Every structure is written in C-alpha cells, then in structure tokens.
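This report concerns only the one structure given below.
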Amino acid sequence: MEYTVQKLGAMAGISTRTLRYYDELGLLRPARINTSGYRIYGQAEVDRLQQILFYRELGFSLETIKEIVTSPSFDPSEALKEHRHKLLQRREQLDALIANVENTLAAAEGRLTMKDQDKFKGFKQKLIDDNEAKYGTEIREKYGEEAVEKSNRVLKNMTEEQYAAIQQIETEMFAALEQAMEEGVPASELAQKAADLHRQWLSFYWDSYTKEAHARVAQMYVDDERFTAYYDKRRPGLAEFLRDAVHVYTGMKP
C-alpha cells in the first residue's frame, strides 16, 4: 500500500513537517514523487519510519539514527529484537517505580513497614537500566563485564546517605566546572577542584581508582556523543573542558 505524506503522518501520529524534515536529512526519503508533485511512501518507508520512531522513543539523536538505519550492516529484524529488549527493560523500570509508590502509600497508611533505603530502590534501578540502555555496550567493551556488574551492585546497595552524597558531589562538580569554564583554563585551581570532585564521584562506583582509567573516562565523554550531550546540555563545550581538566589532574595526555 502507498501513502501520501499527509496519510503517513496521520497514521504514524507525526506532522507532515516532520516527515519533510526527515526527507531533507536523508533519513526517510519517499519512494517516489508522483506527477502532481506529492511525496509517495511505500511499505519499505513505512517500516523505516517505524524503526526511526522506535529509536527516537529510546532517546537516540536523528544523526545517530541516520547512521544506524542507513548502514549496510543494518538488520531490521535484529533491530526489532533490540527494541523489544529495551522496551521490556523500560516496562520493568515502570513496574519497579509503581511498586515503590504502592509500598510507600501502604507504609503511610500503616499497612506496611518500609525501610528508608527501600524507598529509593526503584529510582536506582531505573538509573542502572537507563545507563545500560544508553552506554552498556561501550562501557562493557572498555572496562569488562565484571567491572560494570560490580558498579551496578554498588549502586543498588547504596544507603540513602551515600546516594545523597553522590548527588551532592555531582552538583558541586558541575558548579565548579561551569565557573572554571568562565576562565577557560583547565589547569586553574577551580578546574582542578572540579576534576577532583569528578574523581570522588567515580570512586563511589569503582573498586579502585587509577589515573589512567580516570583519563580514559574523561576522553570517552568527548568521543561518545551521548556522554558529550549529557555534559554539554549544561553548557556547550563542558565535556571537552572537563576532559582537559582531568588530563591536567591525572598528568595523562590524550
């Protein structure tokens, strides 16, 4: 079956403007342009749009999606299996959060005794699952299965106080980092304070700290666009500035 841009947009729940933008990006071209000048989409384009929307739902950028779906090695069937796996993970996250809410209500009503630590289990599991979905493959390739699993266990078993301490350190790190970036000197006292706070933050998750591993992580923030986006959403160039500050701090060169 074939669809005009209006019919495909209505069926998929997106605007015709979005479909035209996908065409401009080379992400989703119409099968043909008819004699009246209308974009016409066929089954292959419908299937690709479904894949695009799956990836968008999972938080991928359009640039990354284009690289994935236009790659000669792209396998739609394998991609659907991966989508299913990640969506099931998301459902588990929501189930954990719902259970958390229900248990908290029961505790408030006196029907259940709930430890303070249990109040944060759903949130910590969501953080682990989100990190796995976004960065799991790369992290495991760089640091190994055992290291990642240990880090996840550490997070799951954190007390409320430890979890709050990590968040506080991260907040202080970003504040120091953004202020140091005003000066633009990675070796400045404030930039080095941010690098040290970053070390403290990492040390909550790592069994042992090394300067080499610290420098590699900081470099990964620049090499991987997803990590870069996490830091640069606060201020453009922040990931690169942190990388440079960490390299000064550790004495490691890129």
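The values are calculated or read from the model by the stated rules, or taken from the named source; none is laboratory data. Note that this is a predicted model, so its numbers are computed, not measured. Glycine gets a Cβ as well: all are built from the backbone with ideal geometry, and neighbour counts include every protein chain shown. For accessibility, only protein heavy atoms count, side chains too; no ligands or nucleic acids. Shrake-Rupley method; radii C 1.70, N 1.55, O 1.52, S 1.80 Å.
Let's see how each residue does on (1) under 26 Å from Ser71 (Cβ atoms); (2) hydroxyl-bearing (Ser, Thr, Tyr); (3) surrounded by 12 or more Cβ atoms within 10 Å (Cβ to Cβ); (4) touching a Ser or Thr at 6+ places or on another chain (Cβ under 7 Å):
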site: Met1; (1), (2), (3), (4): no, no, no, no
site: Val5; (1), (2), (3), (4): yes, no, yes, yes
site: Ala10; (1), (2), (3), (4): no, no, yes, no
site: Ser15; (1), (2), (3), (4): no, yes, yes, no
site: Tyr21; (1), (2), (3), (4): yes, yes, yes, no
site: Ala31; (1), (2), (3), (4): yes, no, yes, no
site: Gly37; (1), (2), (3), (4): no, no, no, no
site: Ile40; (1), (2), (3), (4): yes, no, yes, yes
site: Gln50; (1), (2), (3), (4): yes, no, yes, no
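Filtering the stretch 1-10 to residues that are touching a residue at least 12 places away in the same chain (Cβ under 8 Å) and among the aliphatic types (A, V, I, L, M) leaves Met1, Val5, Leu8.
Table: residues versus (1) open to solvent by less than 50 Å² (accessible area, probe 1.4 Å); (2) in a helix (DSSP H, G or I); (3) over 26 Å from Ser61 (Cβ atoms).
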| position | (1), (2), (3) |
| --- | --- |
| Gln162 | no, yes, yes |
| Val185 | no, no, yes |
| Ala191 | yes, yes, yes |
| Leu197 | yes, yes, yes |
| Tyr209 | no, no, yes |
| Ala218 | yes, yes, no |
| Leu242 | yes, yes, no |
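Residues in the stretch 52-76 that are under 23 Å from Gly9 (Cβ atoms), assigned to a helix (DSSP H, G or I) and open to solvent by 50 Å² or more (accessible area, probe 1.4 Å): Leu53, Phe54, Arg56, Glu57, Glu63, Lys66, Pro76. When the residues of the stretch 77-104 are filtered to those that are open to solvent by 40 Å² or more (accessible area, probe 1.4 Å), at pLDDT 80 or above and not aliphatic (A, V, I, L, M), the one that is farthest from the chain's Cα centre (by Cα) is Ser77. Quick one: is Arg226 under 20 Å from the mean Cα position of the chain (by Cα), in contact (Cβ under 8 Å) with a residue 60 or more places away in the chain and assigned to a loop (DSSP other than H, G, I, E, B)? Here the answer is no, as Arg226 does not meet what is asked.
Looking across the stretch 25-54 at every residue that is hydroxyl-bearing (Ser, Thr, Tyr) and in contact (Cβ under 8 Å) with a residue 24 or more places away in the chain, the one that is farthest from Leu87 (Cα to Cα) is identified as Tyr38. For Trp201, the requirement of being under 21 Å from the mean Cα position of the chain (by Cα), without any contact (Cβ under 8 Å) to a residue 60 or more places away in the chain and part of a loop (DSSP other than H, G, I, E, B) is not met. Please work out if Ser36 is among the small types (Gly, Ala, Ser) and within 23 Å of the chain's Cα centre (by Cα). No; evaluated as a whole, the condition is false for this residue. Applying the criterion of being in a helix (DSSP H, G or I) and open to solvent by 60 Å² or more (accessible area, probe 1.4 Å) to the residues of the stretch 229-240, the residue that is farthest from Glu67 (Cα to Cα) is Glu240.
For beta carbons closer than 7 Å, sequence separation of 6+ or different chains, a first residue in the stretch 238-254 that is over 14 Å from Asp224 (Cα atoms) and a second that is open to solvent by 20 Å² or more (accessible area, probe 1.4 Å) and among the aliphatic types (A, V, I, L, M), the qualifying pairs are Phe241/Met181; Val248/Ala187.
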